[in-house]
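For reference, the structure is listed below as structure tokens.
Just so it is clear, none of the values below were taken in a lab; they were calculated from the coordinates. All values derive from a computational prediction rather than experimental measurement. Note that we place each Cβ from the backbone using ideal geometry, even for glycine, and neighbour counts take in every protein chain shown.
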Amino acid sequence: MSILEVSVIALYGLCLAFIFCYSIAQLHLTILYWLHKKRRREQTPSINPATLVWPKVTVQLPLYNERYVAERLIEAITALDYPHEQLQVQILDDSNDETTAIVQEKLKQYPELNIQHIRRPNREGFKAGALQYGLQTATGEFIAIFDADFLPAPDFLKSTISRFDNARTGVVQTRWGHLNENYSLLTKLQAFGLNAHFTVEQSGRYSGGHFINFNGTAGVWRKACIEDAGGWQADTLTEDLDLSYRAQLKGWQFIFLEDVEAPAELPAAMGALKSQQFRWTKGAAETARKHLARVLQSEVPLSTKLHATFHLLNSMVFICVLLTAVLSVPILFIKDNNPQLAILFKLGSVLIFSLMALVAFYWTALYQQSYHAWKTTKRFIPEFFLFLCISMGLSLHNSMAVAEGLLGIKTPFIRTPKYNLLQTRGTWKKQAYFMQSISPVTVVEGILALYFAAGIVLAFRLGDYGLLPFHVMLMFGFGAVFLYSLSHNRRA
């Protein structure tokens, strides 16, 4: 074998090994979820809200050009069932369009409430900067945060504030719901993935005593926790994950409430989805660069270190998937030219075990919606297949984001536009805040779809069908992302 062939096999194997280890970590979270689900329900405190003395709470609403959802957000916040004398609302408005005028007009309807419309002199630090700026004048002992597209239920504050019975509890995070899950196939698949994170992943880490993260919104912080951990910092694109790790490394405890839901809007256009994915994956890589060494050097248990490692490095999966995919075609040639390595290549079947672990992870999350195994399975099979395909199709775009994060390349915080989409109603077309979805990366995504189509042809020519399902999914995934990007770039 040549050095090039050895290098290809080695890199291919390393990527498969990381995917396998990541999948095992997800499987462990699935096991923790099932083991502790009954216990979590039994340990849920039965608190009579009427007996509580409610503390002061500041609700922070960071806004930047949210003309379509600002009014409904204010309506939802003013409907919160919480003593008005104990509630302060901060609208942290960095907008440079008519959102500011919309907010000012809407606030005239609530003269009796303590609502501050805060305008900074500049947008320094983006969302993190706005939250830190508001913190200086926040009067609440607790800080609730909602992004512009969230619609918390009236009992949200009472359901979360009542869980701060331990002085070392720094955060109570709730589960995200979806206002427009059925809007399109793209929103359904996003909901499929997010539901797994907000049931199995967050609950599994919380049940196992491992680090979890505040998800940027729909949660409540103890103000003292934010200050003790160093406040909001804007040196990563995921200021929420960054502060979460700083706080937990200082001994603060986080609580996740699976049974409390705060619904929000999912991106319906490919350009918006790509922008959101870029921010999340790059920010996670930046946070790993910032905190992974500290986590490994800390005194937390080994199991927590391992889960934190895969938590911080989860975006690395996209790089491994992309490399494995690209190398899988030359692997077919190498296998054909080196039959003596047949046993070695059979180790590649580890990908099947990885897939089975992910099946358990995502099936468990979907099962929580119906508690009916057969109904869950019928719905799961097509949604899981499509979710994997689209995730693979986004691997090039997300890999570039991860690479920038690990290399320390800085880019601005670009918020995901919202259009007041409810279920199947509303449209993002012909609206402001349109995001382009075509770039040089889009062209490469189209080329990769053809590349994996060639891999399918090659499988039949060589009579080697082991990677055929993988190549079919890759061709479909990259092709779908390419076509979505083209079609969603048209606003008419």
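With the contact rule set at Cα under 8 Å and sequence spacing of 6 or more, what percent relative contact order holds for region 329-457?
Here the relative contact order equals 18 percent.
Which whole-angstrom value gives the distance between the alpha carbon centres of region 355-408 and region 181-229?
Distance between centres, Cα-based: 16 Å.
Based on other C-beta atoms within 10 Å, arrange Ile143, Ile31, Ile102, Ile381 from fewest to most.
So the residues, fewest neighbours to most, are Ile381, Ile31, Ile102, Ile143.
May I ask you to order 123-131, 456-464 by the average number of other C-beta atoms within 10 Å around their residues, highest value first? Numbers along the way, then the final one.
Working: 123-131: 20.4, 456-464: 13.4.
The most tightly packed comes first, giving 123-131, 456-464.
Would you list, by chain and number, the lysines whose Cα falls below 18 Å from the Cα of Lys250, excluding same-chain residues fewer than 8 positions away?
Partners found: Lys223, Lys290, Lys305.
Mean residue ellipticity at 222 nm from the helices of the chain, using -39,500 (n - 2.57) per DSSP H segment of n ≥ 4 over the full residue count, to the nearest 500 deg cm²/dmol?
So the calculated ellipticity at 222 nm is -18000 deg cm²/dmol.
Compute for region 227-385: radius of gyration divided by Kirkwood radius, i.e. Rg/Rh, restricted to C-alpha atoms, rounded to two decimals.
1.03
If you average 1/r over every pair of different alpha-carbon atoms in the chain and take one over that average, what Kirkwood value in Å do you get?
23.9 Å
Pull up the cross-link candidates among the lysines for Lys335, meaning alpha carbon to alpha carbon under 26 Å and not fewer than 8 places away within one chain.
Lys346
Provide, in order from the shortest bin, the percent of all Cα-Cα pairs of region 346-492 in each 5 Å bin, continuing until the bin that contains the maximum pair distance.
The calculated distribution, bin by bin, is 2, 8, 12, 14, 16, 18, 15, 10, 5, 2, 0.
By counting other Cβ atoms within 10 Å of each Cβ, how are Met1, Met400, Met316 ranked from fewest to most?
Listing Met1, Met400, Met316 from fewest to most nearby Cβ atoms yields Met1, Met400, Met316.
Percent relative contact order of the chain, based on C-alpha pairs within less than 8 angstrom and at least six residues apart? Display every interim value, and only then the final one.
Details: 779 pairs, mean separation 95.4, N = 492.
Value for the chain: 19 percent.
Mind checking which lysines have their Cα closer than 29 Å to the Cα of Lys188? Skip sequence neighbours fewer than 8 apart in that chain.
Reachable lysines: Lys37, Lys38, Lys127, Lys274, Lys282, Lys375, Lys378, Lys418, Lys429, Lys430.
What are the principal axis extents of the Cα atoms in region 59-145, in Å, biggest first?
Per principal axis, max minus min of the Cα coordinates gives 33, 26, 16 Å.
Find the cysteines in the chain that fail to meet the 4.7 Å Cβ criterion with every other cysteine, and list them.
Cys21, Cys225, Cys389 - these cysteines have no disulfide-compatible partner (Cβ-Cβ under 4.7 Å) in the chain.
Scan around Tyr82 for amide H atoms under 5 Å from its own, H built in the peptide plane at 1.01 Å from N, and keep only partners 5 or more places away or cross-chain.
none
Provide Met270, Met475, Met356 in ascending order of the number of other Cβ atoms located within 10 Å of each residue's Cβ, fewest first. Numbers along the way, then the final one.
Working: Met270 25, Met475 22, Met356 12.
Final ranking by Cβ density, sparse to dense: Met356, Met475, Met270.
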